[in-house]
Amino acid sequence: MSLTDLSSVLWRARELLELLLFKLEEEQLLLASNRSRWLAHATREVEVVLDQIRQTEVARAAYAQAVAIELGLPAEASLGQLADAAPAPWSELLHQHRKAFLTLTSEIGAVAEANRDLLTAGQRAARETMLAFAGTVETYSPQGKTVSGGVRRPSLVDEAI
């Protein structure tokens, strides 16, 4: 195993992370536009990409371990350590991979967090709507437990829903 093999698997991992970011942004667009019809498909596509990333990560770990040993580093050396120890031009290329991974993981984390917020808000809105139709509203007791108030309040219903 060589630096060429490691670089190839790193390129594949970058492509998959970019695809994951794309799929998460697709999912976000569906959530933001309240188009839940295709949400299950989008989520399945995210899961497929995550599985591909897991498989690629196994290969990356094996190649990185072999390269680390070739460079005289501990087998569990980080990508930054490999880049520092690698000869030119590999050193620069590995540093670029590392920088791209940091950027992509940051972007993926931000989009995933935004998607969680959208899902939580949607779930909360659906729950409140269902409770309004049921004639009860859940609130919190002084102890912090969820309680149902039996008081029916007048409400407006948007018939476009």
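With segment 1-100 as the region, which helices (runs of 4 or more DSSP H) entirely inside it contain at least 3 residues that are surrounded by 13 or more Cβ atoms within 10 Å (Cβ to Cβ) and of a type in the set (Ser, Thr, Tyr)?
In segment 1-100, the matching helices (runs of 4 or more DSSP H) lie at 39-70.
Find the residue count for segment 1-24, including only residues that are closer than 18 Å to Arg44 by Cα and either of a type in the set (Lys, Arg) or out of contact with any helix residue (DSSP H, G or I) (no Cβ under 6 Å at 6 or more places or on another chain) (or both).
3
FYI, it's all coordinate maths here, none of it is from the lab. Keep in mind the model is a prediction, meaning the values are calculated, not measured. All Cβ positions, glycine included, derive from the backbone under ideal geometry; neighbour counts span all protein chains shown.
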